[in-house]
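This report refers to the structure that appears directly beneath it.
The values are calculated or read from the model by the stated rules, or taken from the named source; none is laboratory data. Just so it is clear, the structure is predicted and the values come from calculations on it, not from any experiment. No Cβ is skipped: glycine too gets one built from the backbone with ideal geometry, and neighbour counts run over all protein chains shown.
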Amino acid sequence: MSQVITIGGIVYDIFIKTSSVKILKRGKEAPFLCFNLGTKIVAKDVFFSTGGGGGNTACALKKLSIDCVPLGVISNDNMGKTVIKEFDRKKIDTSLIQITKKAGLKTALSIILSDPLGERTVFTYRGVSDFLCKAYLKKGALQKAQWIFISHLSGRSNRVIKDLLQFKKDHPRIKIAWNPGATELKENWKEGSLMSRFVKVTDCFIVNREEAVEILGKKFEKRNFQSLTQALSFLGSKITVITDGKKGAFARFENKFFKTPSYPVKEVSTLGAGDAFSAAFLASIIINGEDIKKALHWGVLNGAGVVREFGAQNGLLTRNEIIEKERKWVKS
């Protein structure tokens, strides 16, 4: 029996670190990342890794000694074969990763440019990752899981939310954790919609502040976290979590509000921090029960571990490392 099955993108990541970058600011617009046209840009460092919401979360859970199996789609190409080898190296079960020969499509790829301030700009090719479908949801395996963790389902993959909703209704004992992505956030979240019906059956719902406002509406932009978690909890999830980087993390459970500050760390790259937080929060719930304060600590510590390293998985913590860090942090 798997403790967790992660469902989401399986991506091959290429990280590029360069100092040959200019930040252009124009009024109230978001800053632009600029390079000189027609020149060769010298990279200071490069790093290759498996990635995607499903991939990152599975690797983080494995590091925390949680039995997990990623479920996603890759192509029968060199990148896909490399992804499988990387999971095998980390001793992660790949039996639910579907390999397709869909014409003209490749394994999903992301190229991540990291600037000196730790922010990242991502070039993403979704490829076959957009085509996770009902046929790939191996119900026999899903029925044996304790938890199903669902991250961003891009493109047509988003359609399996309907199938997962029915699965949850048919198997209420299996718990659902959901960290929706850009595709889901663009959907209708009004009462009666597919998104609203699905969040009602989730046991743990995790978003960042910007995502919470996108779901709730612009009138919530200036609300405090106590108000935001309460409004979001009305959607129906048992546990509601909102993260906000340097401001910390916040949750609501049984109408009680919980919060924890961020863990002080020098940022190198923010990519993967959300996945690291989500995995550690869920791992704590599995290991420690519904101690929400502790789960927030675990999530924040794991996220901080990732942002201090180059790459979305290099800074992931083990279970013992998190326990020790939390002991010293809380004591201080």
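Output the number of residues of the range 112-146 satisfying the condition of being surrounded by fewer than 15 Cβ atoms within 10 Å (Cβ to Cβ) and out of contact with any Leu (no Cβ under 6 Å at 6 or more places or on another chain).
The total comes to 11.
Scan the range 26-54 for residues that are more than 30 Å from Ile148 (Cα to Cα) and within 29 Å of the chain's Cα centre (by Cα) and jot them down.
Lys28, Glu29, Ala30, Pro31, Phe32, Leu33, Cys34, Ala43, Lys44, Asp45, Val46 - these are the residues of the range 26-54 that are more than 30 Å from Ile148 (Cα to Cα) and within 29 Å of the chain's Cα centre (by Cα).
When you look at Lys144, is it among the basic types (Lys, Arg) and either at pLDDT 95 or above or in contact with an Asp or Glu (Cβ under 9 Å, 6 or more places away or on another chain) (or both), yes or no?
Answer is no for this residue.
Among the residues of the range 318-330, are any aromatic (Phe, Trp, Tyr), surrounded by 18 or more Cβ atoms within 10 Å (Cβ to Cβ) and either over 30 Å from Ile14 (Cβ atoms) or in contact with a helix residue (DSSP H, G or I) (Cβ under 7 Å, 6 or more places away or on another chain) (or both)?
The answer is no; no qualifying residue exists.
Would you mention how many residues in the range 264-310 are of a type in the set (D, E, K, R) and within 17 Å of Ile206 (Cβ to Cβ)?
Number of matching residues: 5.
Select from the range 155-188 the residues that are over 20 Å from the mean Cα position of the chain (by Cα) and of a type in the set (Phe, Trp, Tyr) and list them in ascending order.
The answer is Phe167, and nothing else.
Can we say Phe149 is surrounded by fewer than 19 Cβ atoms within 10 Å (Cβ to Cβ) and in a strand (DSSP E or B)?
no
Please work out if Ala43 is in contact with a Lys or Arg (Cβ under 8 Å, 6 or more places away or on another chain), at pLDDT below 95 and either on the phi > 0 side of the Ramachandran plot or of a type in the set (Gly, Ala, Ser) (or both).
Judged against the criteria, Ala43 is a match.
For the range 260-291, which positions are farther than 24 Å from Phe310 by Cβ and either buried (at least 24 other Cβ atoms within 10 Å of the Cβ) or in contact with a Gly (Cβ under 6 Å, 6 or more places away or on another chain) (or both)?
Within the range 260-291, Thr260, Pro261, Leu282, Ser284 qualify.
Any residue that is closer than 19 Å to Cys59 by Cβ, at pLDDT 95 or above and more than 16 Å from the chain's Cα centre (by Cα) - is there at least one of those in the range 286-293?
Yes, that holds for at least one residue.
Is it the case that Lys190 is touching a residue at least 60 places away in the same chain (Cβ under 8 Å), among the charged types (D, E, K, R), over 25 Å from Asp13 (Cα atoms) and surrounded by fewer than 17 Cβ atoms within 10 Å (Cβ to Cβ)?
The answer is no for Lys190.
Within the group Lys81, Lys106, Lys102, which residue is surrounded by fewer than 18 Cβ atoms within 10 Å (Cβ to Cβ), touching a helix residue (DSSP H, G or I) at 6+ places or on another chain (Cβ under 8 Å) and not in a strand (DSSP E or B)?
After ruling out the rest, the residue left standing is Lys102.
Looking only at residues in the range 109-154 that are basic (Lys, Arg) and more than 20 Å from the chain's Cα centre (by Cα), which one is nearest to Gly55 (Cα to Cα)?
Checked the range 109-154; the qualifying residue nearest to Gly55 (Cα to Cα) is Lys138.
Free of Cβ contacts under 8 Å to residues at least 60 places away in the same chain, more than 30 Å from Phe47 (Cα to Cα) and buried (at least 18 other Cβ atoms within 10 Å of the Cβ): does that describe Val199?
Yes: the conditions hold for Val199.
Which count do you get for residues in the range 89-119 that are among the basic types (Lys, Arg) and at pLDDT 85 or above?
Of the residues in the range 89-119, 4 are among the basic types (Lys, Arg) and at pLDDT 85 or above.
With respect to Ile74, determine if the residue is touching a residue at least 24 places away in the same chain (Cβ under 8 Å), among the hydrophobic types (A, V, I, L, M, F, W, C), surrounded by 16 or more Cβ atoms within 10 Å (Cβ to Cβ) and in a loop (DSSP other than H, G, I, E, B).
Judged against the criteria, Ile74 is not a match.
Determine whether Glu254 is surrounded by fewer than 22 Cβ atoms within 10 Å (Cβ to Cβ), farther than 30 Å from Ser196 by Cβ and not hydroxyl-bearing (Ser, Thr, Tyr).
no
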